[in-house]
Each structure stands twice: as structure tokens, then as C-alpha cells.
Amino acid sequence: MTVPAAPAAGERAAVITGAASGIGQEFCVALASRGARVAGVDIADMAATRQAVRRAGGTFLPVTADVTAESDTARMADEVRAAFGRADICVNNAGTYPLVPFEETTYAEWRRVLTLNLDGMFLVTRALLPLLRRSPAGRIVNVASAVVWLGPPRMVAYTTSKSGVIGFTRSLASELGPAGITVNAITPGMIPTATAVRTGVTADLDRVVAGQAIPKVQQPADLVTSLLYLCDPGSGFVTGAAINVDGGFAKH
Ligand SMILES: NC(=O)c1ccc[n+]([C@@H]2O[C@H](COP(=O)([O-])OP(=O)(O)OC[C@H]3O[C@@H](n4cnc5c(N)ncnc54)[C@H](O)[C@@H]3O)[C@@H](O)[C@H]2O)c1
């Protein structure tokens, strides 16, 4: 049996969007503390993430960039190439999830949600592909949401966008499989990050927790083992999948 050569953990380089806070920050620390050099991409200040990664003994490159601006994503890829010389992992996590009734959703708001959650993922992935193709084990992980299995009210734009993330994941997995690049999604349940609390999406957190098979409040850390699994060089046969991590609410 031949085992494909996998890069040593210390050599790998990861790019994580939406790195300034919440799930993205947790992912930066998780991958950096396992030896990957991490570039965080965000429009917000990433000082807290940089500190957290350094505390974990990792390497962190903050790249201030708007994932919806093509010129920014091209510059981001240039900065990653200049700093690390490679990119093995791309985690598309930047996103927005407004809670708004359908009839109150303006066209501008609809476009804003789809632009950030879909165009951002497209632009970042495409900009990094030349580097990912050179990796011996390229990994793309897209953060979708358990809403795609549930279709909750007042989240039509968001659910539409995250369903698009699943379609993107499946089709791109087929296209990049021959290059040895896997493309997968994670669908988290309700996580009371600062943004989720501020925007009111956690108003019915008690109801959600009560409906979960595991009745505890989900934290960003609950997603880490799934992320590490999908990014592992040994997971090269897992692609086009969406791993649901929601404590057993959707039971998908
Ligand atoms: N919190 C939840 O309950 C939950 C559940 C399921 C899925 N998700 C998804 O997880 C992801 C992260 O959510 P979170 O709760 O950690 O939110 P968050 O607001 O803490 O993180 C999102 C980050 O994206 C950044 N960002 C926004 N617009 C950007 C842009 N144009 N360019 C670059 N960066 C930009 C923000 O500055 C922020 O740091 C999102 O895609 C969200 O849809 C969250």
C-alpha cells in the first residue's frame, strides 16, 4: 500500500476569513496551535485574534481585506504567497446573518447578504486556487449553517445564501477532486457569538437548546474537531460533504 506524501503539519499554511471574532477567531487558534501558519482575513481589527494565536504559540498574519472586493482578494493572495510561499487550507467563514421578515427585506439587503456570503467565498477561493493547486493536500472548508436543513422564518436571504454555499461546495468538489483538493462544508447550529447575540438571532436560544439532542449551548470550540478532520492531509477522500454540527437539532 502506498501512502501519499503529506506535508508536515508545521509547514502548512491556512487562510481563514472572518478571522477577527467568533468562529473565525476560534478556527485561527485551532489551526495555529496544531502547527499551521495562519493568515486571518477580515475588515475588522484582528488584534485579539493575533494575541490569542500568539498565546497558543502560533504564527498569525493579519490581512485586512474585504472578501467582496476582487482587488482585495487578489492582494490577499499576494500577501499570503509573500509571507508563507504557499496556501494549503482555505476556510471561508466571513458571513452575515440578519434576522428580518421576508417582506421587510429590501433588495439592497438581499444583495448585501448574498454578496458577502456567496461572492466573498467565490472571490477568496478563486484567488487562492493557484496556491492550493500547488499544495500536496489542498483543503477548502466553507462555513454554511444548519439553517439549510431547517429553513427558519425571518432568514430567507441568509438561508438562500447558505444553501448556495452547499451547492458551491458540491460542484467545486467535483471540479477540484482530480487536483487532490477537497471541498467540504460545516453547518453549525446556534452559537451565541458576540455578533449573534447583538443581532438578536439568539433570542430563542433556550428553545433551540431544548430541541437539541445534546441540551447545551453550542460554542465555537464545538466545531474544531470537524474543522481539523476536514483539513487533515489524511482526509483526502472526504469531499463534497456537509458536516452538521448542531448538537442534534436538525439531526441531519
Ligand atoms: N453564530 C452562529 O450561530 C452561526 C451559526 C451557523 C453559521 N454561522 C456562520 O459562521 C460564520 C461566522 O459567524 P460568527 O457568529 O462567528 O460571526 P462574526 O460576526 O463573529 O464573524 C464574522 C466575521 O466576518 C467579518 N466580515 C464581515 N464582512 C466582511 C468582509 N466583507 N470581508 C471580510 N471580513 C468580513 C466580520 O468583521 C467578522 O469578524 C458566518 O458565516 C455565519 O453565517 C454562525
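Things worth noting here:
- Within region 124-146, being over 19 Å from ASP232 (Cα atoms) and open to solvent by less than 20 Å² (accessible area, probe 1.4 Å) holds for VAL124, ALA144, SER145, ALA146.
- Cβ-Cβ under 6 Å pairs, at least 6 apart or on other chains, region 169-188 side at pLDDT below 95, far side polar (S, T, N, Q) and open to solvent by less than 40 Å² (accessible area, probe 1.4 Å): none
- Options VAL197, VAL201; residue that is open to solvent by 70 Å² or more (accessible area, probe 1.4 Å) and within 18 Å of SER145 (Cα to Cα): VAL197
- Counting only residues that are closer than 24 Å to ALA19 by Cβ, more than 10 Å from the ligand (Cβ to nearest atom) and in a helix (DSSP H, G or I), region 124-155 holds 10 of them.
The values are calculated or read from the model by the stated rules, or taken from the named source; none is laboratory data. Worth saying up front: this structure is predicted, and the values here are computed from it rather than measured. Positions of Cβ are backbone-derived with ideal geometry, glycine not excepted, and every protein chain shown enters the neighbour counts. Heavy atoms of the whole protein, side chains included, go into the accessibility calculation; ligands, DNA and RNA do not. Shrake-Rupley method; radii C 1.70, N 1.55, O 1.52, S 1.80 Å.
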